[in-house]
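**Student:** One structure is given below, represented as structure tokens, and several questions about it will come after.
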Amino acid sequence: MAPTYVFVEGESDAVALETLARRLGRDLDAENVRVVALHGVTNIGPRLAAMPHGARVIGLCDAPELRVFRRALDRSAGRLSVLACFACDPDLETELVDAVGTARVVDVITRERELEAFRTLQHQPAHRDGSLEGQLHRFIGTKSGRKIRYARLLTEAFDLTAAPRPLVDALAAARARAAEAQRSQ
């Protein structure tokens, strides 16, 4: 059975998707699902062009990048089997903060011994009048590696009933494709 590829913008998206799959008891390797981090939305065209003819692909991106993803997927539709494309609104970090809730995100930051750094960001002139959600979003993206680490931590922290819909839908599309491939063998 040929793999199904889930193209995501970056490493944090891949980590969140893989962590959620694990939490749901899914084994993406056993299902022959490959999560591919593009390391930037502009890489989707060349990556799709390098895929073997007939490859099955799913897209997962941030809402502002949906047009770029869809355009690239549409251009590949005759050569590849494009299953679906899902978007985080407006981005993965917001979806994760919403799923966990701001109080629990602060708890995660505290557990990671970064509360002092977060408080420092909150007191900076550019952020002190912002919403807590905005401050958390900014904090997650301020330090190298933090976005990836918090993608895992926050995906582990939310109740599964609150899992971000785009991640759930991407995994469901991959599972449906795996089940279909099994039936056709």
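**Student:** How do 12, 144, 81, 76 line up, fewest other C-beta atoms within 10 Å first?
**Tutor:** Listing 12, 144, 81, 76 from fewest to most nearby Cβ atoms yields 144, 81, 76, 12.
**Student:** Work out which trypsin sites (Lys or Arg not before Pro) in the chain are exposed loop sites (DSSP not H, G, I, E or B, at most 15 other Cβ within 10 Å) and give the longest gap free of them.
**Tutor:** It runs 1-78.
**Student:** Please name whichever of 105, 88, 126 sits farthest to the positive end of the charge dipole of segment 49-158, dipole taken about the Cα centre and charges placed at Cβ: Lys and Arg +1, Asp and Glu -1.
**Tutor:** Of the options given, the answer is 88.
**Student:** At a Förster radius of 41 Å, what calculated FRET efficiency corresponds to the Cβ-Cβ distance of residue 116 and residue 43, to the nearest 0.05?
**Tutor:** Calculated value: 0.70.
**Student:** Which of the DSSP-defined H helices in the chain satisfy a minimum axial length of 20 Å, computed from C-alpha atoms, and a minimum mean Kyte-Doolittle hydropathy of -0.5?
**Tutor:** Result, helices passing both filters: 165-183.
Readers should treat all values here as calculations from the given coordinates under stated rules, not as data from a laboratory. Not measured: the values here are computed from a predicted model. Reconstructed Cβ throughout: ideal geometry from the backbone, glycine too, with neighbour counts over all protein chains shown.
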